[in-house]
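Below is one structure; the comments refer to it alone.
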Amino acid sequence: MAKKESSSDSISVIREDLKSGKPANAYIFYGEEGYLKDYYYNQLRSSIIDPLSEFFNFHRFDEKSFTTEALIQAVNAVPVMAERSLIRIDDIDLSGLNESARTAVTDILNDLPEYVCLVFYYDIKEYKPDKRYKKLYEAISKNCKELEFPKQSQASVTEWCIRHFRSAGKTISKDLCAYLIFLTGGTLSALNSEIEKISAYAAGDQITKEDIDAVTIPVLDAQVFDITDAIAAKRFSLAIEKLGTILQLMEDPFSIAGAISSNLRRLYAAKTVLEAGKGRDELKAICGITDYFADKMLSTARGFSMEFCEKAVLLCAQTDYQIKTSYDDPQALLQLLIVSLSQEATA
């Protein structure tokens with residue numbers, strides 16, 4: 001019987017299947033870590049599909065091209081010059097299908113030919129199995145190996161970074177790895193491209209912070225954190241300047257407002273953790289952030305009062321509501337938010 005694998009088991013399961021040369025009949029690939037998800041899917045594809053017979057034996061559907069009729073036809077297509085065929089279906093909400101389609105998919109999963117390997121691949125959409133549709137849920141649970149590829153722990157990502165820099169002829173400290181993970185958001189996909197850029201840019205064998213800062217564009221969360229840091233340091237003009245930089249790089253004020261709001265909710269959580277006499281582990285559990293991010297958030301929270309943190313969350317909610325419901329300039333509202341936060345910090 002197939003089963004939903006825990007995140008720690010997914011990689012070992014697919015590795016074992018590939019090593020045995022006998023991939024399962026059906027898989028579900030999902031999770032935030034796109035690099036590993038793509039890597040192991042490509043390994044699976046290479047183990048099944050020969051480029052010479054790909055036209056006959058590889059079938060791919062997305063939300064626009066998917067129909068149960070097309071899927072049935074692909075399932076029934078006997079492999080040509082190969083032992084197996086591969087069917088990939090991207091970002092299909094199985095629970096959102098109409099009753100007839102759900103029944104058809106259920107029947108297909110319960111009677112897959114041995115020559116078929118069917119992969120449901122989730123990249124843009126979230127994989128959300130719905131137990132209310134009992135027959136479909138049971139068919140998925142019984143016949144599919146559900147492989148989750150979540151963000152990796154900071155320790156494992158750090159070791160991965162060190163190995164990849166080493167393969168490029170460079171060395172990097174664990175502290176700088178933690179900094180790079182923070183700047184990029186910590187996914188291996190983002191880190192892979194940044195490591196290539198940094199390695200190409202760095203003149204010496206040892207990677208420096210200056211090398212990282214020279215070529216790495218921080219993710220929105222990291223940029224927004226600089227605003228909070230500037231307010232904590234009472235450098236209010238710098239906070240406005242940081243916001244201006246973000247506004248120049250991004251045209252979507254809704255995303256910026258959301259990131260600022262998320263960051264200040266984490267700050268409130270950090271202050272609450274400190275007030276309770278707790279530390280990094282508790283904040284990581286609450287916010288789902290890395291060691292480095294948690295340590296920075298706790299350090300910043302020490303510079304604010306609980307009253308400020310509570311007021312900051314309220315101001316963010318009010319600004320978010322105004323941006324979504326008023327005709328006021330969103331950029332002006334964001335600038336007013338930073339001014340209001342600065343005033344609260346000095347109150």
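The values are calculated or read from the model by the stated rules, or taken from the named source; none is laboratory data. Keep in mind the model is a prediction, meaning the values are calculated, not measured. FYI the Cβ positions are ideal-geometry reconstructions off the backbone, even for glycines, and counts take in every protein chain you see.
Residue under question is residue 247, and the condition is that it be farther than 16 Å from residue 292 by Cβ and at pLDDT below 90; does it hold? For residue 247, the condition - farther than 16 Å from residue 292 by Cβ and at pLDDT below 90 - is met.
Of all residues in the range 55-89, those that are charged (D, E, K, R) and closer than 14 Å to residue 117 by Cβ total 4.
Residue under question is residue 261, and the condition is that it be in contact (Cβ under 8 Å) with a residue 40 or more places away in the chain and polar (S, T, N, Q); does it hold? If you could, list the steps in order and put the result at the bottom.
Working: in contact (Cβ under 8 Å) with a residue 40 or more places away in the chain: yes; polar (S, T, N, Q): yes.
Criteria met by residue 261.
Of the residues examined, residue 41 is one that is in the same structural domain as residue 126 (by TED's automatic domain parsing), of a type in the set (Ser, Thr, Tyr) and touching a strand residue (DSSP E or B) at 6+ places or on another chain (Cβ under 9 Å).
Every residue in the range 138-161 that is surrounded by fewer than 17 Cβ atoms within 10 Å (Cβ to Cβ) and assigned to a loop (DSSP other than H, G, I, E, B), please.
Residues satisfying the conditions are 150, 153.
Selection of first residues in the range 287-303 that are within 15 Å of residue 184 (Cβ to Cβ) and of second residues that are β-branched (Val, Ile, Thr), restricted to Cβ pairs under 8 Å at least 6 apart or on distinct chains, gives the following pairs, ordered by first then second residue: 290/181; 292/181. All conditions but one from (1) within 23 Å of the chain's Cα centre (by Cα); (2) outside any helix (DSSP H, G or I); (3) free of Cβ contacts under 8 Å to residues at least 40 places away in the same chain apply to residue 203; the one that does not is (1). Comparison of 326, 237 shows that the only residue that is within 30 Å of residue 178 (Cα to Cα), among the small types (Gly, Ala, Ser) and at pLDDT below 95 is 237. Scanning the range 244-270 for residues that are hydrophobic (A, V, I, L, M, F, W, C) and in contact with a Cys (Cβ under 7 Å, 6 or more places away or on another chain) turns up 260, 264, 267, 269.
Scan the range 240-256 and tell me whether some residue there is charged (D, E, K, R), touching a residue at least 60 places away in the same chain (Cβ under 8 Å) and either outside the structural domain of residue 166 (by TED's automatic domain parsing) or surrounded by fewer than 20 Cβ atoms within 10 Å (Cβ to Cβ) (or both). Let's see the steps before the verdict.
Our first condition is that a residue be charged (D, E, K, R); within the range 240-256, this holds for 241-242, 251-252.
Pick out the ones that are also touching a residue at least 60 places away in the same chain (Cβ under 8 Å) and you get none.
Taking every residue of the range 240-256 in turn, none turns out to be charged (D, E, K, R), touching a residue at least 60 places away in the same chain (Cβ under 8 Å) and either outside the structural domain of residue 166 (by TED's automatic domain parsing) or surrounded by fewer than 20 Cβ atoms within 10 Å (Cβ to Cβ) (or both).
With respect to the conditions (1) part of a helix (DSSP H, G or I); (2) more than 26 Å from the chain's Cα centre (by Cα); (3) in contact (Cβ under 8 Å) with a residue 40 or more places away in the chain, residue 274 falls short on a single one, namely (3). Would you mind stating whether residue 135 is surrounded by fewer than 18 Cβ atoms within 10 Å (Cβ to Cβ), in a helix (DSSP H, G or I), in contact (Cβ under 8 Å) with a residue 60 or more places away in the chain and of a type in the set (Lys, Arg)? Against the criterion (surrounded by fewer than 18 Cβ atoms within 10 Å (Cβ to Cβ), in a helix (DSSP H, G or I), in contact (Cβ under 8 Å) with a residue 60 or more places away in the chain and of a type in the set (Lys, Arg)), residue 135 does not qualify.
Does residue 314 satisfy the condition of being in contact (Cβ under 8 Å) with a residue 24 or more places away in the chain, part of a helix (DSSP H, G or I) and of a type outside the set (Gly, Ala, Ser)? Judged against the criteria, residue 314 is not a match.
Would you check if there is a residue in the range 206-219 being part of a helix (DSSP H, G or I) and closer than 21 Å to residue 323 by Cα?
No: zero hits.
A residue that is more than 19 Å from residue 33 (Cβ to Cβ) and hydroxyl-bearing (Ser, Thr, Tyr) occurs somewhere in the range 127-140.
Considering (1) under 15 Å from residue 309 (Cβ atoms); (2) not in a helix (DSSP H, G or I), the lone condition that residue 261 does not fulfil carries the number (2). Summed over the range 322-345, residues that are surrounded by fewer than 16 Cβ atoms within 10 Å (Cβ to Cβ) and either assigned to a loop (DSSP other than H, G, I, E, B) or touching a Ser or Thr at 6+ places or on another chain (Cβ under 9 Å) (or both) total 5.
Going by the conditions given, is residue 318 under 18 Å from residue 220 (Cα atoms) and not assigned by TED's automatic domain parsing to the domain that holds residue 174? When the stated conditions are applied, residue 318 does not pass them. Residues in the range 278-303 that are surrounded by fewer than 18 Cβ atoms within 10 Å (Cβ to Cβ) and in a loop (DSSP other than H, G, I, E, B) were compared, and the one that is modelled with the lowest pLDDT is 288.
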